[in-house]
1. Tell me, which residue of the range 52-81 that is under 14 Å from residue 100 (Cβ atoms) and touching a residue at least 24 places away in the same chain (Cβ under 8 Å) is surrounded by the most Cβ atoms within 10 Å (Cβ to Cβ)?
2. Scan the range 38-53 and tell me whether some residue there is more than 29 Å from residue 183 (Cβ to Cβ), more than 15 Å from the ligand (Cβ to nearest atom), in a helix (DSSP H, G or I) and out of contact with any helix residue (DSSP H, G or I) (no Cβ under 7 Å at 6 or more places or on another chain).
3. Listed residues 225, 210; which is in contact (Cβ under 8 Å) with a residue 24 or more places away in the chain and touching a strand residue (DSSP E or B) at 6+ places or on another chain (Cβ under 9 Å)?
4. Taking residue 236 as the residue in question, decide whether it is surrounded by fewer than 16 Cβ atoms within 10 Å (Cβ to Cβ), under 20 Å from residue 50 (Cα atoms), more than 22 Å from the chain's Cα centre (by Cα) and more than 16 Å from the ligand (Cβ to nearest atom).
5. Within the range 287-305, identify whether any single residue is more than 16 Å from the ligand (Cβ to nearest atom), in a loop (DSSP other than H, G, I, E, B) and at pLDDT 95 or above, and answer yes or no.
6. Which condition does residue 276 not pass, out of (1) touching a helix residue (DSSP H, G or I) at 6+ places or on another chain (Cβ under 6 Å); (2) in the same structural domain as residue 63 (by TED's automatic domain parsing), if it passes all the others?
7. Being surrounded by 17 or more Cβ atoms within 10 Å (Cβ to Cβ) and either touching a strand residue (DSSP E or B) at 6+ places or on another chain (Cβ under 8 Å) or not in a helix (DSSP H, G or I) (or both) is the filter here, so list the residues in the range 306-319 that pass it.
8. Pick from 263, 278: which is farther than 20 Å from residue 392 by Cβ and within 16 Å of the ligand (Cβ to nearest atom)?
Ligand code: PLP
């Protein structure tokens, strides 16, 4: 008899984006003359920059030449890419990382989801709330959660750490002892991030409690304030307690190309049943090289080109394009009387929905009255209720028009 993984039955239907799609389709059908503007999904719209395309073409040609053809590459990633990552993403910020601590992959989503493979099912998990839903769902799949409570919108045995305007979007370390802590900074969906001092409190907590911080820095390139950390390793001693996830998806428009990496420091230790220290770098290396043959040569050459001077200039132009959209959204909403957060060091703008409305009621109002699609905050966790996410990843024209329409709405 084929027994299934029953934990999957404990998952709540991820109805967020499917419900949005259904509502939008129905509205379109009933209002064929209305042009809907989508500022909901966190996908990029700017094409891949020329320097990266050039590197991809070159790599494609190498694959067609018997002299330069490449078969399987190193599972952890080619040295040329790991070395560039170390130099440009870490050394440049005063952080010393060994190329052997970098594991190149097809996406931060996969890595965030797979990291639990090397960690015990009995670990207690903490997530900030609201947050990117992958951390929670993958732990439910693994069996680290209890059952879902419909009334609270929370799983038992998971520690939810609220990140709302009430605490200025600064998550407080839990009073109880937790083992695995997910931090997403800048945070999807709130668009807020932490200072080095605030981040240090988490590193100190993890050291005191022998916990691990799973730090998702997928949006670090959008940080504009020079004083803010881009990597958790900018906090002294963080290598002993943290794994960091990075992605080329939002940084360089690789959502369709697929390339990311994870940093697992060599000094980072976990404990076996007997309490002996075990290197997580070794375990992740074993897991990675057993379950994947890595990322294609062509894609890794493309990622490498991101670090060239021209590549950096070009990707930053795209990021500035999105950040201009974020400013348009944020300032426009403020003028219209909304309370707005994020959008300064992140492509996400997080707004408080008007008094008396739920996130979903505001979604309907926005769709019907402004023909604009956003994402209800409650879809990212119970503390997201009463908030709403708009993304800066649209075109400038659509962003400007969407905001003009929202300004005309009565609130
Ligand atoms: N991490 C966060 C916080 C995200 O918001 C996303 C995508 O939206 C990802 C990871 C996924 O990254 P990737 O495209 O590298 O899988």
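1. Pass one, the range 52-81, residues under 14 Å from residue 100 (Cβ atoms): 74-79, 81.
With touching a residue at least 24 places away in the same chain (Cβ under 8 Å) added as a condition, the list becomes 74-78, 81.
Numbers: 74: 13, 75: 17, 76: 24, 77: 23, 78: 19, 81: 26.
Once the filter is applied, the top-ranked residue is 81.
2. yes
3. Details: 225 fails: touching a strand residue (DSSP E or B) at 6+ places or on another chain (Cβ under 9 Å).
Every option except 210 fails the conditions.
4. Values: surrounded by fewer than 16 Cβ atoms within 10 Å (Cβ to Cβ): yes; under 20 Å from residue 50 (Cα atoms): no; more than 22 Å from the chain's Cα centre (by Cα): yes; more than 16 Å from the ligand (Cβ to nearest atom): yes.
Judged against the criteria, residue 236 is not a match.
5. yes
6. Just one mismatch for residue 276, condition (1).
7. Passing the criteria: only 307.
8. Values: 278 fails: within 16 Å of the ligand (Cβ to nearest atom).
Every option except 263 fails the conditions.
The values are calculated or read from the model by the stated rules, or taken from the named source; none is laboratory data. Here the structure is a predicted model, which means the values were calculated and not measured. Glycine gets a Cβ as well: all are built from the backbone with ideal geometry, and neighbour counts include every protein chain shown.
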